[in-house]
Amino acid sequence: MTNYKETSLWRASFSNENEMCNRLKVAFDSFREKAGLLANEIYKDQPSLTVHDLTHLDALWIMGSLITGDGFEITPTEGFVLGGAFLVHDLAMTISAFPKGRDEFKKLPQWDDTIFTVLKKNKGYANYELNQADINLRIEEETMQILLRDLHAIKAKELCCKSSG
């Protein structure tokens, strides 16, 4: 099965053909399309991770169906919320989810601690104050990848409140 709309969990969520259910399906399709744009950016910033594009997000319907089994009862609204959680859970694994990009990251309170840890690991860094001359693009990339993984769940929550405007 490759189509998430063929899963038992999707069918249980959206099998009704009433107006509300149809509106939720259309809204979900739009939500999924927009989430896919951001999900496609994850590989650029996290090349060492497994696939995190729409195929990963869609696979959660399959996994959910395996867990719940046939006969699971779920309302269209609950299905929409669950599907939305599937869509946003990893979207902040890319710098594209942060409006100010790298500048935003470098101002995070965790930046200096994380970059220090990366320097210590890669260069045996023992200085207690960061020296900008020791920080190259590779060190920054690794720091960013660590922080994206650490902060993505918090940022994903924020993404739910953003307008696509």
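The values are calculated or read from the model by the stated rules, or taken from the named source; none is laboratory data. This structure is a prediction, so every number in the text was calculated from the model and none was measured. Reconstructed Cβ throughout: ideal geometry from the backbone, glycine too, with neighbour counts over all protein chains shown. These area figures cover heavy atoms from the full protein model, side chains too; ligands, DNA and RNA do not enter into them. Shrake-Rupley method; radii C 1.70, N 1.55, O 1.52, S 1.80 Å.
Out of all the residues in the stretch 47-104, which are farther than 13 Å from Phe28 by Cβ and hydroxyl-bearing (Ser, Thr, Tyr)?
Within the stretch 47-104, Ser48, Thr50, Thr55, Ser65, Thr68, Thr75, Thr94, Ser96 qualify.
Just to check your reading of the model, which residue among Lys44, Lys107, Lys34 is of a type in the set (Lys, Arg) and more than 14 Å from the chain's Cα centre (by Cα)?
Lys107 is the lone residue from the list that is of a type in the set (Lys, Arg) and more than 14 Å from the chain's Cα centre (by Cα).
Here are some conditions: (1) open to solvent by 60 Å² or more (accessible area, probe 1.4 Å); (2) over 24 Å from Leu159 (Cα atoms); (3) at pLDDT 85 or above; (4) part of a helix (DSSP H, G or I). Phe72 meets all but one. Which one does it not meet?
Only one criterion is unmet by Phe72, namely (4).
Could you tell me which residue of the stretch 27-58 is nearest to Leu9 (Cα to Cα), considering only residues that are in contact (Cβ under 8 Å) with a residue 12 or more places away in the chain and of a type in the set (Gly, Ala, Ser)? Walk me through it before giving the result.
Of the residues in the stretch 27-58, the ones in contact (Cβ under 8 Å) with a residue 12 or more places away in the chain are 27-28, 31-32, 34-36, 38-42, 44-46, 48-49, 52-54, 56-58.
Then drop every residue that is not of a type in the set (Gly, Ala, Ser), which leaves 27, 35-36, 39, 48.
Numbers: Ala27: 17, Ala35: 20, Gly36: 21, Ala39: 22, Ser48: 31 Å.
Out of the qualifying residues, it is Ala27.
What residue, among those in the stretch 1-18 that are hydrophobic (A, V, I, L, M, F, W, C) and in a helix (DSSP H, G or I), is surrounded by the most Cβ atoms within 10 Å (Cβ to Cβ)? Break it down stepwise before answering.
Step one: list which residues in the stretch 1-18 are hydrophobic (A, V, I, L, M, F, W, C), which gives 1, 9-10, 12, 14.
Next, from what is left, pick out any that are in a helix (DSSP H, G or I): 9-10, 12, 14.
Details: Leu9: 25, Trp10: 23, Ala12: 20, Phe14: 20.
Among those residues, the one meeting the criterion is Leu9.
Please go through the stretch 19-35 and give me each residue that is at pLDDT 90 or above, open to solvent by less than 70 Å² (accessible area, probe 1.4 Å) and not aromatic (Phe, Trp, Tyr), ordered by number.
Result: Cys21, Asn22, Leu24, Lys25, Ala27, Asp29, Ser30, Arg32.
For the stretch 75-111, which residues satisfy the criterion of being of a type in the set (A, V, I, L, M) and in a helix (DSSP H, G or I)?
Within the stretch 75-111, Val81, Leu82, Ala85, Leu87, Val88, Leu91, Ala92, Met93, Ile95, Ala97 qualify.
Filter the stretch 123-160 for residues that are in a helix (DSSP H, G or I), open to solvent by 60 Å² or more (accessible area, probe 1.4 Å) and either modelled with pLDDT of 75 or more or not small (Gly, Ala, Ser) (or both) and give the result. Give the steps one after another, and end with the answer.
We begin by selecting, within the stretch 123-160, every residue in a helix (DSSP H, G or I); these are 123, 132-134, 137-159.
Filter once more, so that each one left must be open to solvent by 60 Å² or more (accessible area, probe 1.4 Å): 123, 132-133, 137-138, 149-150, 153-154, 157-158.
Scanning the stretch 123-160 gives Lys123, Gln132, Leu137, Arg138, Arg149, Asp150, Ile154, Lys157, Glu158.
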